Each structure stands twice: as C-alpha cells, then as structure tokens.
Amino acid sequence: MTSKAALILATAFVLSPHTTVAAQVSRPVAKTCGPPNYCARTDERVEPYPKTPPAIGAAGSTISDPIFGSRIVRATDAKTDAKRRSESYTTPSSAEQNSWNTDSKNFYVRSIDGGLELFDFNPSTMAVHPMGSLNVSWIGEPQFSYSQPNILYGITRDRPMFQQYDITTNRTINVQDASKCLKLNSSDAGHAISVSADDQRLAMVLGPEQDTNYLIYIYDRARGCRWYNAQTGEIGGQWGAKGIVSIPERFLIHDARINKSGRFVEIIRSGAPVRGIASPPNPAPAFIWNVDTMEVTPCGPKGCKGHHALGYSHLLNPSEQEHPMDLWIRPLNQLDAPSPLIKQLPPVQGWYDLHISWNNVDANDSNPACLSTYRRDNPNSPATSPEVLGPWENEIVCVETDRMDSKVWRFAHTYSTAQNGFWSSPRGNVSQDGRFYMFTSDWQDQLGANGNSSYRTDVFIVELK
C-alpha cells in the first residue's frame, strides 16, 4: 500500500468511529493468517455484545462471531450422550491442561459429573465427531502428549499410578505406581497430572484432596521417582539431592504443574494452614521447585497471583495489581525479574477474571498465549447481554509474548454469563498448533436447563486466524 493510500485509510477510520469490522481490518495483512502471526483485530475499541446472542444450532453447527468474524463451532449439546440427556459439558477445570492432541485432530471434554468424552476434529472444515466416552478409570482430567498424537496420560482412580492410553488402539499401559516409591496414607490419591513436552517426566500432586494435598511426585522414565513434601519441607526419591529445603515456608497444595522442559514445577499454595505451623503474615502465593536440585523459590508475594501458565523457561500470569490484563512474564530461574507484556493498558472501569492457556508455546517461549475473560457481575437473566465497559471483557484473545510488541488479538465474545457456577466460567484451552481455542459457555442461558435451578453449558471451538 502506498503512503497516500495508507493515510486515506487511517483518516477514514478516524472520521468514522463506527466503521464496520470489515473496514477496520482492511489494512495490509500477512500472506498467511495464523499462529504466531494472527490477522485478527488488535485495536482497543469497546465492543458491546449484540442485543441477543447469535442463534446456534445443534452440535456441529458453525457460526461466525457477529463482531469479530471468527468461525465458532459447537462441539457438544444435550444429545451428546444418548444415555444422559441434558448433561452439561465443559472444558477442563484448568486452562493449563492440554486437552488437544498434537495435530488438532482429537480433543476431549468433560461432562459436568466428571466423565470424559473424546472427539475427532477436522482442522480444515471444523467438523466435530464424537467418538464416545474414554474407556479409562482415571481420577481428574487427563493430558494429551505433546509429542505423540495418539497418547493420553492419566492417574488411576483406585491408587496413584501413572497410565498412558492409546486412543487409536484403546490400549492402556501402566507407566509407574507411586506407592512403589514411597509410603502413602490410605486417604492419599493422585491429582492434577502434567507431563513434560518430551514425555520424559510425569508429575502429580498427592494427598486427600485439593487444598489439603501435601506432596509433589515426579517420575522420570530414565531415573525413577522424586518427590517434595511441602508440608514437611523434605525432598527425597531415587535420584537428585535429598534433605530439607532451605526456605522456612511449610504449606499445603492447591495445584501444581511441571513445565514443558521438565526442569521446574510450579506449586500454588493452599490457603489452608499446616497444623502446628504458623503461617507467615504475607505468604507467597506460589513456589517454583527446580526439580534436579533442593532449590524451592517463593514467587511473590506481590505480582504472582491469578491463574498461571508455564512455558519452557518462563512463567506467565496477571499481576492482579492495577489492571486485569497486566500480564507479566518472568524466567523460572529468576522470579524477581518480571516484564510486562502489555506496555500501555487502557483505563479499567471494572475488574474481570481470566484464564491463560499456553499449550502452543515454542521452545523460546515466544508464541502467543491465549485466554478468555469474564466479569463476575455479568447479568444472570436469559438472553441478557453481558456488560462490557472496556476492550477484552468477556472475550477470547491471544497476547504476544515475544516482547517485540504488545499485541492483543481479539477473536470472539464468549457468550457466557459465568453465573451458573464455576463450570460456566469460559475457561479455555488452546490447541498445540495455536489454531483453535475450545471454551465453555452457557450461551447466555440459551442452551436449556440442566435439571436444577441453573442452565446448561456446552463446549465451543473458535478458530484463531
């Protein structure tokens, strides 16, 4: 485009603030639109919801977002499981969980009662096809391998054992039993599986339940088991340094994840106190364990809250200080050196929450991270539009992480009230190739009742271009 043409286009936009989306994106674009160079809008214009949510058909139906133009396909509906009509479906409880396989041809969702449903997906046409319930006896939510398209990892329900499941052959293989490495209490179970990008190391949390769990358990396929007891401060296992960590903090565990390189584990502390040990006055919300060493480092107390995401060598999270989208990235081996991703944030007129997914991250931690946002004060009245006071509210966006610029790409509204319990919040999971983002929505209470006083939720997938 010539400089004169560029000036005319820029002037037209200034003089016509209500220019259509098509005109706003008529700027020169890359030859190909897709990760990591999306062609979606990056403006900060406030975009209210349509007066009524877009009409959506049964599972398999595709629409274009009326504001942002992205294709959205409905993956589930009340008939997904013929034996349980009106069942609700959701994405995993954590945006960090990897619910897509390596080539975006398979994904799983969970039913509201914890069942797992597997799907085929055509990345070209966005056609979805249910494959039925996963034939596994696992606790919690599994994780797809980052290196093998047909492998899912999970933890057995009856005892804390790592297993892998081949979705092509329906074959289950035992990987390792934690009870063979250390003595467990009868109430201990495995939770929150995560796996390194090369499938070499698997991690889980051990204990009675979330927020009273106490131990991080690692299995290395070549070296064996290793563990960290956050309640006592002891580290042990079959390899690496052993003993008591130097930090004085003793805590119970809310969640923990191993990073893509397998070198670090992030641990989110529980608010529950450790019996007999006084909590510090201003405790750190998270800790990073350098797995090969005795080094456990607090993150915070300021600027390390919110929902986190791990790359190969960095941690990404909202600072939760002056703006919901004040996202920080920091090296896992230098937690006190964060950098803001968005340099100039617009004024905020009301707080909102967000969940970050970075399963598409590359080895340099430079691929965009994707997330969904929602306001806690959204109206809970059928077909009533969520309130939007600023850009990015109740939206699905991706954020530049290479620190070359501060782009925030905007793809779709979520159409979720987030008022029908935790599972109606539009948590999302980006595909490993960065082309798709699955999210939960109650579609502004338009998906039917779920048998009690709240409304159904389903899983939707938006194309990222």
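The charge dipole of region 141-300, taken about the Cα centre with unit charges on the Cβ atoms of Lys, Arg (+1) and Asp, Glu (-1), comes to about 280 debye, rounded to the nearest 20. Under a Cβ-Cβ cut-off of 9 Å, what is the net charge of the residues other than R257 that fall near it, where Lys and Arg count +1 and Asp and Glu count -1? Once all neighbours under 9 Å are counted, the net charge is -3. The HN-Hα couplings worked out from phi for region 50-67 by the Karplus form 6.51 cos²θ - 1.76 cosθ + 1.60 (θ = phi - 60°) are x, 4, 10, x, x, 5, 10, x, 5, 3, x, 6, 10, 10, 9, 4, x, 9 Hz, whole numbers, x standing for Gly and Pro. P301: net charge of surrounding residues, Cβ under 13 Å, Lys/Arg +1, Asp/Glu -1, itself excluded? Its environment carries a net charge of 0.
Excluding ligands, DNA and RNA, the accessible surface per residue across region 191-273 is 34 Å² with a 1.4 Å probe.
Multiplying the residue separation of Q344 and S406 by 0.36 nm and removing their Cα-Cα distance gives an extension gain of 21.5 nm.
In this structure, the amide hydrogen of I193, modeled 1.01 Å from its nitrogen in the peptide plane, lies closer than 5 angstrom to those of E141, counting only residues at least 5 positions away or on a different chain. The length gained by stretching the chain between N380 and R275 to full extension, at 0.36 nm per residue less their Cα-Cα distance, is 33.8 nm. Site pair R84 and R223 shows an inter-label distance of 4.0 nm when each label is modelled 7 Å from Cα along Cα→Cβ.
For region 365-432, the solvent-accessible area with a 1.4 angstrom probe is 27 square angstrom per residue. Using a cut-off of 28 Å between Cα atoms, the listed pairs K260/K465; K105/K343; K105/K305 include K105/K343; K105/K305 as exceeding that distance.
Assuming R0 = 22 Å, what is the FRET efficiency of T172 and D103, from their Cβ-Cβ distance, to the nearest 0.05?
0.50
With each pseudo-label sitting 7 Å past Cα toward Cβ, what's the T42-D198 distance in nm, one decimal? Placing both labels 7 Å along Cα→Cβ, they lie 3.4 nm apart. Relative to the Cα centre, the charge distribution of region 181-262, modelled as +1 at Lys and Arg Cβ and -1 at Asp and Glu Cβ, gives a dipole magnitude of about 320 debye.
The angle between the Cα long axis of helix 3-15 and the longest principal axis of the Cα atoms of the chain comes to about 90 degrees, rounded to the nearest 10. The value for region 210-259 of Rg(Cα) / (2.2 N^0.38 Å) is 1.16. Under 5 Å between amide hydrogens, built in the peptide plane, is the criterion, and for N380 it picks out nothing among residues at least 5 positions away or on other chains.
Can you give the Kirkwood hydrodynamic radius for the chain, in Å, rounded to one decimal and based on Cα pairs?
In the chain this quantity evaluates to 23.0 Å.
Near the amide H of V175, within less than 5 Å, lie the amide hydrogens of F162, Q163, Q164, all on another chain or at least 5 residues away, with H placed in the peptide plane.
Note on the chain: with charges restricted to the Cβ of Lys and Arg (+1) and Asp and Glu (-1), its dipole about the Cα centre is near 360 debye.
Spin-label model, T293/K242: points 7 Å from Cα along the beta carbon direction are separated by 2.1 nm. Of the residues G114, S366, G276, the one whose Cα sits farthest toward the positive end of the charge dipole of the chain, with +1 on the Cβ of Lys and Arg and -1 on the Cβ of Asp and Glu, is S366.
The values are calculated or read from the model by the stated rules, or taken from the named source; none is laboratory data. Bear in mind the structure is a predicted one, so any value in this text is a computation, not a measurement. Counting neighbours? That spans all protein chains shown, and the Cβs are built from the backbone with ideal geometry, glycine included. Accessible surface is based on the protein model in full, side chains and every heavy atom, while ligands, DNA and RNA are left aside. Shrake-Rupley method; radii C 1.70, N 1.55, O 1.52, S 1.80 Å.
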